[in-house]
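Please read the structure below before turning to the comments.
Every read-out reported here was derived from the displayed coordinates using simple, explicitly stated rules and does not represent laboratory data. As the structure is a computational prediction, the values presented were derived from the model and not from experiment. Backbone-built Cβ (ideal geometry, glycine too); neighbour counts: all protein chains shown.
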């Protein structure tokens with residue numbers, strides 16, 4: 001069946017790497033019609049909306065999307081960069097990826113962090129008199145729509161909000177703080193969303209043969225929200241007796257991931273801690289140039305690399321950025337829609353290029369990004385894609 005995929009390059013290097021992923025998809029024989037969707041900083045500046053309604057309609061219609069990268073800036077800079085005709089009209093910038101997650105209830109984020117042999121960026125550790133490179137194969141399930149990303153926050157909260165907060169005894173510590181000096185961000189988690197992300201994590205572990213699911217939260221301090229995630233994980237665990245359920249605190253997990261990362265399989269967490277853990281594990285397997293992710297809802301799925309827009313690299317000619325994260329993101333899309341054979345072939349081609357080590361972008365050569373890296377032997381973005389296509 002020929003698919004229709006909404007392509008949203010977005011900002012910065014998103015415009016560079018997304019076409020490379022499509023080149024690989026074409027080569028592997030994936031038949032699709034690609035429909036462009038407007039998204040990103042330029043549309044915030046011109047229209048006061050980084051996720052225009054026309055793009056939302058495309059997502060509603062086609063339900064499958066590849067997304068490049070996004071630029072987000074603090075409130076004051078966002079206001080200052082608006083077109084003059086839009087300034088002073090109370091427009092508030094919101095991250096379009098966060099809006100997509102909430103509009104389409106893309107509540108399950110999946111972020112695989114799997115090392116490729118011979119990647120010079122892989123984590124190594126001292127072992128006796130030498131060094132060893134543990135195999136990292138962690139998959140983070142991040143609840144994608146709630147927690148601190150819910151957007152329920154205030155500076156100088158209105159009176160009814162402050163009055164409600166002050167019914168809690170712990171607010172006595174802030175009783176004398178003037179409103180204009182008080183900022184509040186709410187960590188909101190619901191039982192249904194916690195249950196769904198835990199269910200998805202256990203199902204994935206069973207499907208792909210992982211021995212454990214680890215809840216990575218902070219229930220000893222954030223008792224209510226982290227406690228709810230742990231409680232739902234225990235409920236789901238009853239249906240998966242063959243899979244161990246572990247629990248770690250996010251701070252301790254960030255220490256342990258550089259001590260024994262090979263011990264962890266599937267990890268499940270709320271939005272903020274899942275974001276932290278996934279970037280931490282990504283650092284063990286080559287960094288954000290190798291980090292892909294999926295945002296999955298009941299109807300719509302959006303796939304994106306986890307790197308940022310890196311605008312300083314967008315206009316470099318030739319391009320130097322690593323396209324592997326975007327290519328692996330396309331692989332996740334293929335897995336999601338049942339194109340398993342094509343996904344396996346692309347993943348194997350990427351692995352073969354990394355193992356061979358003849359073609360490496362600047363990050364894999366431990367070079368500082370800039371136009372001079374090509375002269376030092378780094379591959380261009382297009383050369384890396386060419387090498388992967390050659391292995392196909």
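Structure summary
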{"item": "Residue of 88, 370, 209 that the Gaussian network model of the chain assigns the largest fluctuation, springs spanning Cα pairs under 10 Å", "result": "88"}
{"item": "Highest average packing first - 268-276, 148-156, 115-123, 295-303, Cβ atoms within 10 Å", "result": "268-276, 295-303, 115-123, 148-156"}
{"item": "Exposure proxy order (Cβ contacts within 10 Å, fewest to most) of 336, 168", "result": "168, 336"}
{"item": "Fraction of antiparallel bridges per DSSP, the chain only, in percent to nearest 5", "result": "50"}
{"item": "Fewest-first ranking of 363, 163, 263, using other Cβ atoms within 10 Å as the exposure measure", "result": "163, 263, 363"}
{"item": "Segment residue 375-residue 129, extension gain: residue separation times 0.36 nm, minus the distance between their alpha carbons", "result": "84.9 nm"}
{"item": "Size-normalised alpha-carbon gyration radius of segment 229-322, reference 2.2 N^0.38 Å", "result": "1.36"}
{"item": "In nm, spacing of pseudo-spin labels at residue 312 and residue 258 (7 Å Cα→C-beta vector)", "result": "2.3"}
{"item": "Theoretical gain in end-to-end length, residue 181 to residue 73 [0.36 nm per residue, Cα-Cα removed]", "result": "36.7 nm"}
{"item": "Burial order of peptide ranges 374-384, 177-187 (average beta-carbon count within 10 Å, highest first)", "result": "374-384, 177-187"}
{"item": "In nm, spacing of pseudo-spin labels at residue 54 and residue 341 (7 Å Cα→C-beta vector)", "result": "3.9"}
{"item": "Likely footprinting exposure, 57, 79, fewest C-beta neighbours within 10 Å first", "result": "57, 79"}
{"item": "Label-to-label distance, nm, for residues given as residue 251 and residue 95 (7 Å Cα→Cβ offset)", "result": "2.3"}
{"item": "Surface/4 estimate of mean projected area, convex hull on alpha-carbon atoms of the chain, nm²", "result": "22.5"}
{"item": "Potential lengthening between residue 223 and residue 242 on full extension [0.36 nm per residue; Cα-Cα distance subtracted]", "result": "4.1 nm"}
{"item": "Where a label projected 7 Å from the Cα of residue 85 along Cα→Cβ would reach, residues of segment 33-55 with amide N under 14 Å", "result": "45-49"}
